[in-house]
1. Excluding residue 75 itself, calculate the net charge of residues whose Cβ lies under 11 Å from the Cβ of residue 75, where each Lys or Arg counts +1 and each Asp or Glu counts -1.
2. For segment 1-81, what is the Kirkwood estimate of the hydrodynamic radius, computed as the reciprocal of the mean inverse distance between distinct Cα atoms, to one decimal in Å?
3. For a test of the definition: using alpha carbon positions, the gyration tensor, and the 1.5 limit on a/c, classify segment 51-143 as rounded, prolate or oblate.
4. Can you give the extra length, in nm with one decimal, that the chain gains between residue 130 and residue 165 once fully stretched, where that is 0.36 nm per residue apart less the Cα-Cα distance?
5. Structure shown: which of 48/147; 18/73; 129/149; 86/114; 27/48 lie over 31 Å apart, alpha-carbon to alpha-carbon?
6. Counting only DSSP beta bridges with both residues in the chain, tell me the antiparallel percent, nearest 5.
7. Loop-only check: which GluC sites (Glu not before Pro) in segment 64-94 are DSSP coil with at most 12 other Cβ within 10 angstrom?
8. Within 10 Å, count the other beta carbons around each residue, average over each peptide in 111-118, 30-37, and list them highest first.
Amino acid sequence: MTNPRQIIYVDAGSTNSKNFRISLYDKSNNATHIMELFNIDNNNEAEKYAIFNAIFYIYKNNYTHCMILCDNKSAVEDEIIIALSKECKVDISWIPREINKVADKVCKLETTLKDRDFYTLDLFVKLSKKAYSIKPSNINLQTEITKLKKEIQVLKTKVKNQATQITNIKNNKVKVK
């Protein structure tokens, strides 16, 4: 028998100090976590931090069969968040703002987590972004470019040979049997 799905709501909002605050509401145990963010430029980035925080929360607590619900579509569709959620086997879904009322209200409460929790989350976000946005090394690119150049040269030679054959046929230099 599988465990029932755990539903975790997340949200982000600005504070009076022009910082952002994120909230997490774990419906299965009625737990709430509120964190102040520092040096975050916009609400979309704050919403992404809320999802990263939920993934980190799920991972720390060794939860399985979880669903994160967020009312920010661009955060839910972020490529790095999608890759990380697949890696951690966590489902993430967008929900309309009116369904996310609990997380929204929780976000307006005083923080329950310490500043050090933000810095741990910030490190997790930065490492995740770095891990999921690594480009192929220049060595691999150079190898591919060299192979493509060789293929182009072979094709050019074939085209040149065919053009010569066509010219010879036109000039009746080669008799067709």
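1. Details: positive: 48, 73; negative: 11, 45, 47, 71, 77, 78.
So the environment of residue 75 carries a net charge of -4.
2. Values: mean 1/r = 0.0766 Å⁻¹.
The Cα-based Kirkwood calculation yields 13.1 Å.
3. Prolate.
4. My answer for the length gained is 7.2 nm.
5. Where the Cα-Cα span goes over 31 Å, the pairs concerned are 48/147; 129/149.
6. On the way: 14 of 23 bridges.
That works out to approximately 60 percent antiparallel.
7. In loop regions of segment 64-94 (DSSP not H, G, I, E or B), the sparsely surrounded GluC sites (Glu not before Pro) are 77.
8. Details: 111-118: 14.2, 30-37: 17.0.
Listed from highest to lowest mean packing, they are 30-37, 111-118.
Taken together, the values in this text are just the output of simple stated rules run on the coordinates, not laboratory data. Keep in mind that what you see is a predicted model, and the values were worked out from it rather than measured. Here Cβ is always computed from backbone atoms with ideal geometry, including for glycine, and neighbour counts include all displayed protein chains.
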